[in-house]
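In what follows, a single structure is set out as structure tokens and then discussed.
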There are 2 protein chains.
Amino acid sequence: MNIRRFSTRDATFDADLKALLAFETAQDDQIDLVVADILRNVKQRGDAAVLEYTKRFDHLDVAGLSSLEISQVELHAALEALPAAQREALQQAAERVRLYHEKQLMSSWSYTEDDGTLLGQQVTPLDRVGLYVPGGKAAYPSSVLMNAIPAKVAGVEELIMVVPTPNGERNQLVLAAAAVCGVDRVFCIGGAQAVGALAYGTETVPQVDKIVGPGNAYVAAAKRRVFGVVGIDMVAGPSEILVICDGKTNPDWVAMDLFSQAEHDELAQAILLSPDAEFLDKVAASAARLVEEMPRKDIIKTSLQGRGALIQVKDLEEAARISNYIAPEHLELSLDDPLAFSKKIKHAGAIFMGRDTCEALGDYCAGPNHVLPTSRTARFSSPLGVYDFQKRSSLIMVSAEGAQKLGKVAATLAYGEGLQAHARSAEYRLKK
Amino acid sequence: MNIRRFSTRDATFDADLKALLAFETAQDDQIDLVVADILRNVKQRGDAAVLEYTKRFDHLDVAGLSSLEISQVELHAALEALPAAQREALQQAAERVRLYHEKQLMSSWSYTEDDGTLLGQQVTPLDRVGLYVPGGKAAYPSSVLMNAIPAKVAGVEELIMVVPTPNGERNQLVLAAAAVCGVDRVFCIGGAQAVGALAYGTETVPQVDKIVGPGNAYVAAAKRRVFGVVGIDMVAGPSEILVICDGKTNPDWVAMDLFSQAEHDELAQAILLSPDAEFLDKVAASAARLVEEMPRKDIIKTSLQGRGALIQVKDLEEAARISNYIAPEHLELSLDDPLAFSKKIKHAGAIFMGRDTCEALGDYCAGPNHVLPTSRTARFSSPLGVYDFQKRSSLIMVSAEGAQKLGKVAATLAYGEGLQAHARSAEYRLKK
């Protein structure tokens with residue numbers, strides 16, 4: 001296996017790094033047209049359209065959409081039927097994720113000024129949220145936990161999950177995860193038709209206020225299109241890890257940490273920064289040896305050879321600067337005093353500190369969310385959280401006295417902007 | 001002037017309300033194609049492309065983009081040249097907006113578990129933000145304040161404003177507002193080419209991490225397209241106000257408050273809910289009389305006749321329910337004990353409480369932001385705030401002891417999902 005090597009001393013390093021990171025989520029026009037058609041149909045014809053697409057794409061032929069709903073009894077049966085170790089792991093993970101996310105809850109606040117004017121923000125949960133769960137190979141129960149628990153902690157009243165079940169095959173781990181999280185309703189539908197059903201509502205599927213969760217290119221295109229009608233989470237790119245190591249961690253550990261992103265997807269990106277050239281050699285050797293043992297070795301090789309890199313930096317200061325440029329989804333600080341080092345990090349989805357903190361712990365059970373900004377979007381966005389399922393309303397209650405002072409300021413500015421009704425409405429409240 | 005009247009007792013009320021609110025921001029395919037072309041060109045050719053479009057659309061022919069930058073000296077000169085009353089109003093408004101937004105600052109947090117594992121979130125500002133300010137009739141200095149101040153409070157290092165100046169005409173109020181807010185750099189460019197310059201960066205215009213601010217259909221389409229490369233704020237629809245009144249407020253005041261939204265735009269929406277039919281008559285009479293005095297009476301009439309409504313409700317409880325369905329951008333509670341009533345409100349951009357609190361105060365100087373969710377999006381989104389210019393990174397530092405417990409849970413779940421490298425990387429940290 002040949003993972004690319006760079007050094008920041010290379011004359012072409014800046015251009016090489018830019019090329020390495022280049023990734024544009026191509027918006028496929030053909031997919032977009034198909035999706036537009038599906039959405040229009042679902043909006044106009046509701047259940048009937050969803051049933052037709054489900055028959056065509058998932059080979060499920062049923063009389064009514066209600067027969068594609070999975071009952072709470074079935075969800076809990078799926079949980080009970082799991083091997084004990086798996087059930088307990090799921091419950092322990094859910095409990096830790098819940099505890100962490102409870103720290104994110106925002107509360108309403110207000111303050112009153114001397115003249116009695118009250119200002120603040122009222123924080124409320126979204127009413128109803130849709131959770132998309134992919135079918136097939138990317139159906140991860142951990143993903144159900146990470147999307148559903150923040151919504152429930154926020155106080156969302158009704159959480160509606162959709163999951164395609166081609167040929168009627170149901171993923172029992174996913175259903176068990178839904179039971180653990182208290183998902184309220186589950187429909188066996190998927191694709192753009194499921195996104196449309198959630199966004200517009202049908203006779204059977206209630207309209208939601210926001211749709212979250214990962215999906216394929218059709219689902220992503222559908223989410224982009226219904227944005228505005230409902231809220232959506234980020235459209236995620238391929239997964240990424242950046243490891244910064246001082247050279248003193250077991251190279252096998254670092255190689256396996258790189259694999260743990262690479263195994264997700266051929267387009268996943270795993271990069272190691274170290275000032276120690278010999279250590280980079282050792283990690284390369286570990287990777288070459290260990291990859292042959294991995295069941296997903298083909299994916300890992302394609303990912304690491306196509307988009308991975310081992311980069312020699314001058315020192316750890318330079319590593320921090322490069323990391324801030326990359327703004328990685330996952331950042332491992334495998335070095336001494338990682339907490340102090342973390343203060344140098346400006347942009348990252350999640351920061352894993354210390355040699356014992358492998359990224360896999362964060363994916364499942366440390367507590368923080370595993371839905372994180374990819375493709376350099378950590379420059380401006382955050383992990384999925386409770387705050388994504390709450391929203392704020394400004395509170396303004398101006399006292400009669402406050403209205404005298406503010407009214408004059410507002411009227412002056414309103415006249416300046418040529419908005420006379422604004423000015424007059426403020427002036428009405430002035431005591432003559 | 002004929003404003004539509006409804007009663008919730010009408011058999012067709014639900015359908016009438018839905019039709020009244022129906023508004024889809026049409027995504028014009030023709031505009032979208034033009035914008036795609038402009039963005040591609042700016043991305044590839046940088047300054048040269050921006051200069052060509054600026055010549056074509058704004059009739060400004062200059063040798064280099066740097067000659068379209070406005071210096072800090074000019075910005076401050078614009079502020080000094082204002083009439084004293086206007087300058088002071090601008091400064092007072094800015095100060096109040098700043099004080100309010102300082103309450104929104106998020107801080108980093110973390111906690112340590114019994115076994116020494118640390119979890120938390122690190123909060124950091126965005127590095128660089130672009131602020132789009134429209135030219136022409138919609139160039140509002142208050143809009144500069146409302147977009148720039150939260151960014152500066154968040155700690156954004158560099159705030160870059162773009163504003164088109166067709167034929168070289170510069171709006172002195174807008175430049176003065178930029179000076180008041182501490183905008184760092186200003187370029188006289190606009191349209192999709194300005195959005196492209198900010199998103200991709202050119203030789204002269206630095207690349208930003210997020211673009212905020214209102215714009216026309218071309219600007220909105222460009223923002224949608226660059227979303228992902230940079231962050232964007234919401235794409236706003238027409239402005240809206242909903243007034244809930246018990247019938248005891250001066251009907252002239254309520255009519256003028258409805259005007260203050262209607263005067264923005266022919267498509268703006270102003271709705272009044274009251275249980276008092278006679279009061280609705282009085283407001284209609286006030287509106288018919290007062291509109292003739294308004295300089296913007298044509299816009300107000302078109303807006304109120306096309307999209308306005310006076311709705312008789314059974315009682316104020318019902319008014320709250322209807323308001324939660326509408327999820328208005330601006331909600332005025334013109335009634336007794338508005339603070340108690342506000343607890344019934346689940347979805348609204350801003351809640352103006354009490355007969356003295358006209359919406360115009362909030363537009364300019366009460367303190368809260370005037371960039372608010374429109375078109376029912378208050379169901380899932382919030383006013384623009386400091387939180388839009390900060391982002392979070394998860395912090396995870398697992399102790400050696402914690403890694404034992406968490407490693408087993410993670411490995412169990414990872415094997416369940418068929419992700420063996422995840423499992424192995426967690427198992428490496430287990431002490432044999």
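One line per residue, one yes/no per condition, for (1) assigned by TED's automatic domain parsing to the domain that holds B:Val205; (2) surrounded by fewer than 24 Cβ atoms within 10 Å (Cβ to Cβ); (3) outside any helix (DSSP H, G or I):
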| residue | (1), (2), (3) |
| --- | --- |
| B:Val97 | yes, no, no |
| B:Gly116 | no, yes, yes |
| B:Asn167 | yes, yes, no |
| B:Leu173 | yes, yes, no |
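In the range B:38-60, is there at least one residue being in a loop (DSSP other than H, G, I, E, B), in the same structural domain as B:Gly136 (by TED's automatic domain parsing) and at negative phi? Looking for residues that are in a loop (DSSP other than H, G, I, E, B), in the same structural domain as B:Gly136 (by TED's automatic domain parsing) and at negative phi, one finds at least one in the range B:38-60, hence yes. Do we find that B:Tyr100 is farther than 30 Å from A:Leu105 by Cβ and in contact (Cβ under 8 Å) with a residue 24 or more places away in the chain in this structure? Answer is no for this residue. Working only within the range B:31-55, note down all residues that are under 21 Å from B:Ser66 (Cα atoms) and open to solvent by less than 30 Å² (accessible area, probe 1.4 Å). Hits for the range B:31-55 are B:Ile38, B:Leu39, B:Val42, B:Gly46, B:Asp47, B:Ala49, B:Val50, B:Tyr53, B:Thr54.
Of all residues assigned to the range A:383-393, none qualifies as being in contact with a helix residue (DSSP H, G or I) (Cβ under 8 Å, 6 or more places away or on another chain), more than 7 Å from chain B (Cβ to nearest Cβ) and closer than 18 Å to A:Ile244 by Cβ. Checked against (1) in contact with a strand residue (DSSP E or B) (Cβ under 7 Å, 6 or more places away or on another chain); (2) open to solvent by 70 Å² or more (accessible area, probe 1.4 Å), A:His76 passes all but condition (1).
Candidates in the range A:313-358 are the residues that are assigned to a helix (DSSP H, G or I) and among the hydroxyl-bearing types (Ser, Thr, Tyr); of these, the one that is nearest to the other protein chains (Cβ to nearest Cβ) is A:Ser342.
Among what's in the range A:341-363 and is open to solvent by less than 10 Å² (accessible area, probe 1.4 Å), out of contact with any helix residue (DSSP H, G or I) (no Cβ under 7 Å at 6 or more places or on another chain) and modelled with pLDDT of 95 or more, pick the residue that is farthest from A:Pro328 (Cα to Cα). Step by step, filter the range A:341-363, then rank; the result is A:Thr357.
Summed over the range A:141-165, residues that are open to solvent by 40 Å² or more (accessible area, probe 1.4 Å) and either at the interface with chain B (Cβ under 9 Å from one of its Cβ atoms) or of a type in the set (Gly, Ala, Ser) (or both) total 0. For A:Thr204, the conditions (1) outside the structural domain of A:Ile351 (by TED's automatic domain parsing); (2) under 19 Å from A:His330 (Cβ atoms) are fulfilled apart from (2). Checked against the criterion of being in a helix (DSSP H, G or I) and away from chain A (no Cβ under 14 Å), the candidates B:Gln30, B:Gln86 yield just one match: B:Gln30. Counting only residues that are open to solvent by 20 Å² or more (accessible area, probe 1.4 Å), part of a loop (DSSP other than H, G, I, E, B) and touching a strand residue (DSSP E or B) at 6+ places or on another chain (Cβ under 8 Å), the range B:376-398 holds 1 of them. Has the range B:403-411 got at least one residue that is at the interface with another protein chain (Cβ under 7 Å from one of its Cβ atoms) and surrounded by fewer than 24 Cβ atoms within 10 Å (Cβ to Cβ)? Looking for residues that are at the interface with another protein chain (Cβ under 7 Å from one of its Cβ atoms) and surrounded by fewer than 24 Cβ atoms within 10 Å (Cβ to Cβ), one finds at least one in the range B:403-411, hence yes.
Note on the range A:238-266: residues that are facing another protein chain (nearest Cβ under 8 Å), part of a loop (DSSP other than H, G, I, E, B) and either under 18 Å from the mean Cα position of the chain (by Cα) or surrounded by fewer than 20 Cβ atoms within 10 Å (Cβ to Cβ) (or both) total 2.
Give the range A:118-137 a look and list any residue that's among the aliphatic types (A, V, I, L, M), farther than 28 Å from B:Leu361 by Cβ and not in a loop (DSSP other than H, G, I, E, B), or say none.
First pass over the range A:118-137, keeping only residues among the aliphatic types (A, V, I, L, M): A:118-119, A:123, A:126, A:129, A:131, A:133.
If we keep only those that are farther than 28 Å from B:Leu361 by Cβ too, we end up with A:126, A:129, A:131, A:133.
Selection gives A:Val129, A:Leu131.
Is it fair to say A:Gly418 is in a helix (DSSP H, G or I) and more than 7 Å from every other protein chain (Cβ to nearest Cβ)? Quick ask: steps written out before the conclusion?
Details: in a helix (DSSP H, G or I): no; more than 7 Å from every other protein chain (Cβ to nearest Cβ): yes.
Considered against the rule, which asks whether it is in a helix (DSSP H, G or I) and more than 7 Å from every other protein chain (Cβ to nearest Cβ), A:Gly418 comes out as no.
The values are calculated or read from the model by the stated rules, or taken from the named source; none is laboratory data. In this text, all values refer to a predicted model and were calculated from it rather than measured experimentally. Cβ atoms come from the backbone with ideal geometry, glycine included; neighbour counts cover every protein chain shown. Heavy atoms of the whole protein, side chains included, go into the accessibility calculation; ligands, DNA and RNA do not. Shrake-Rupley method; radii C 1.70, N 1.55, O 1.52, S 1.80 Å.
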